[in-house]
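Just so it is clear, none of the values below were taken in a lab; they were calculated from the coordinates. Since we're looking at a predicted model, the values are computed, not measured. Using ideal geometry, Cβ is built from the backbone for each residue, glycine included, and neighbour counts are taken over all protein chains shown.
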Amino acid sequence: MQTFDIVIIGAGPAGAASAVTARKRGLSVALVDKAVFPRAKLCGGLVTGRCAAHLKEVFDLDLIPGLFETRKNFTFHLGADDLGRLDDVPPVHLTMRWDFDRLLYARAIKAGATDFTGRRVENLDLEHNTVTLEGGQVLRYGVLIGADGVQSFVAKALFGRAFDPEKIGFALEIEAPSEMPDEDTPLRIDFAAADWGYGWVFPKSRSTTVGLGGIQARNADMGAALAAYRAKLTLPEGAKVKGHFLPFGEAKTRPGRENVLLAGDAAGFVDPLTGEGIGYAIESGALAAEVGARAIREGRPILAAGYYRAATRPIRTSIAQARMLRPLMFSRRLQPFFARSFAASRGLKRAYMHLLSGDTSYPAILSRVLVRLPGKITRHLVTRGRAG
Ligand SMILES: Cc1cc2nc3c(=O)[nH]c(=O)nc-3n(C[C@H](O)[C@H](O)[C@H](O)COP(=O)(O)OP(=O)(O)OC[C@H]3O[C@@H](n4cnc5c(N)ncnc54)[C@H](O)[C@@H]3O)c2cc1C
């Protein structure tokens, strides 16, 4: 048996951020992943300004050319309606997760985390603080961080299931041929390409990522929705369709218990309007390591979950506020109102883009949007938001 201050399960953005942060605090770290890196991860690869700030802070990583492509133009659609184009918005960045995740993982190992990638977790013993890996090796932890994605083994061990099937999102993607985009090539967003969701076309130099996602329970046939979207975009047949769950606004109110913490998708930290999760994964992964280090330093690892719940409150508040706005963009009843306002208003489009790029927050947007809406709609949003 090997003993570590912190054992991290999952070496994606959340786990790598935990590992780097814990090493900066001088802790011993085991980084476990069932995959060997580089590994595939289904994702649009959109990196917002908010995410870029976390990359700099946690990994000291700049937006280096080759790994990131910058875009500043968008087009928006709803069904057959063209809602307009917006140029020179605050920039967003595109990356390929194959390379991006490999780099973050490499930073974690370089920082001194012990590498247990290529090893699936077979058992967790929460009472004795041990993790058993495939092959029988046992790791003992002071604090365990479950950064093992939306189908988290650690969340299942804590709560009996990784997510609520009624609330979970699901997304499909294909990689279509690249049309050699440049910085002026717009990214495309199609609201309502899926029910309670949207579609996207992100042209990159190696391929064009095309996808759609929405609440799974409201989309009985997501495959048919993607086929219709492909037809609308007049994309050639043939590209392989891949699917993945997306915790689309299902943040756990208690993202851990005692000395076991959940970070990133395992905690449900994904924006319910935009589907952005990489930034929250890095932020929450780093916070989990920070509070783990504090609890270990104080000699009371079981206090970690309480510290973590407090530290991640701003993330949950943002997600809750985005959920409040969600019916405005996604519900059939309010969507025509949204479409009319969005098409007519550069201000609303800009507000959406500032949100996406990370230089404004949901509290700021919410207060601006709610005061402009008819009282009936505001009350409807607040009630729906509370109900989830
Ligand atoms: C189709 C799609 C498009 C998306 N597009 C975007 C986007 O454009 N921008 C954005 O910001 N977000 C996007 N997201 C969300 C984003 O991909 C996630 O929020 C992000 O990857 C979360 O990072 P993570 O580290 O929590 O989990 P992951 O990246 O999923 O990493 C989890 C790791 O845990 C490992 N693991 C799982 N189970 C075990 C186990 N039992 N034992 C050992 N290891 C295990 C996995 O191998 C994996 O490496 C998208 C998601 C989907 C599905």
Rounded to the nearest 10, the angle in degrees between the Cα long axis of helix 362-372 and the longest principal axis of the Cα atoms of the chain comes to 30 degrees
One finds, for Arg102 and Val241 with R0 = 25 angstrom and r their Cβ-Cβ distance, a FRET efficiency to the nearest 0.05 of 0.55
From fewest to most C-beta neighbours within 10 Å, the residues Glu173, Glu57, Glu166, Glu290 line up as Glu166, Glu57, Glu290, Glu173
Row for the stretch 65-117, column shape: gyration tensor on C-alpha, a ≥ b ≥ c, rounded if a/c < 1.5 i.e. under 1.5, prolate if a/b over b/c, else oblate; value prolate
Candidates Asp184, Asp195, Asp271; GNM for the chain (alpha-carbon contacts under 10 Å) flags as most fluctuating Asp184
Per principal axis, largest first, the Cα atoms of the chain extend in Å by 62, 46, 37
Scalar couplings 3J(HN,Hα) for the stretch 101-110 by Karplus 6.51 cos²θ - 1.76 cosθ + 1.60 (θ = phi - 60°), nearest whole Hz, x for Gly and Pro, are 5, 4, 5, 5, 4, 4, 4, 5, 5, 4
Computed over the chain: longest principal axis from alpha-carbon atoms vs helix 335-344 long axis, angle to nearest 10 degrees, is 70 degrees
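Per residue, what volume in Å³ does the Cα convex hull of the stretch 117-163 take up?
Details: hull volume 3.7 nm³, N = 47.
Output value, Cα hull per residue: 80 Å³.
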Between the Cα axis of helix 346-357 and the main Cα principal axis of the chain, the angle (0 to 90°, nearest 10) is 20 degrees
For Lys242, the aspartates and glutamates lying under 13 Å Cα to Cα, once residues fewer than eight places off in the same chain are dropped, come out as Glu173, Glu175
Burial-style ranking of 209-218, 304-313, average other-beta-carbon count within 10 Å with highest first, yields 209-218, 304-313
Using the Kirkwood radius over Cα pairs of the stretch 267-338, the Stokes-Einstein translational diffusion coefficient at 10 °C and 1.306 mPa s, in µm²/s and rounded to a whole number, is 115 µm²/s
Largest fluctuation, Leu94, Leu334, Leu27 only, Gaussian network model of the chain with Cα springs under 10 angstrom, belongs to Leu334
For Lys72, counting only lysines whose alpha-carbon sits under 17 Å away and dropping same-chain residues fewer than eight positions off, the answer is Lys204, Lys349
Residue by residue through the stretch 81-95, the couplings from Karplus 6.51 cos²θ - 1.76 cosθ + 1.60 with θ = phi - 60°, in Hz, x for Gly and Pro, are 7, 8, 8, x, 10, 10, 10, 6, 7, x, x, 10, 9, 10, 9
Between the alpha carbon centres of the stretch 283-343 and the stretch 150-203 the gap in Å comes to 18 Å
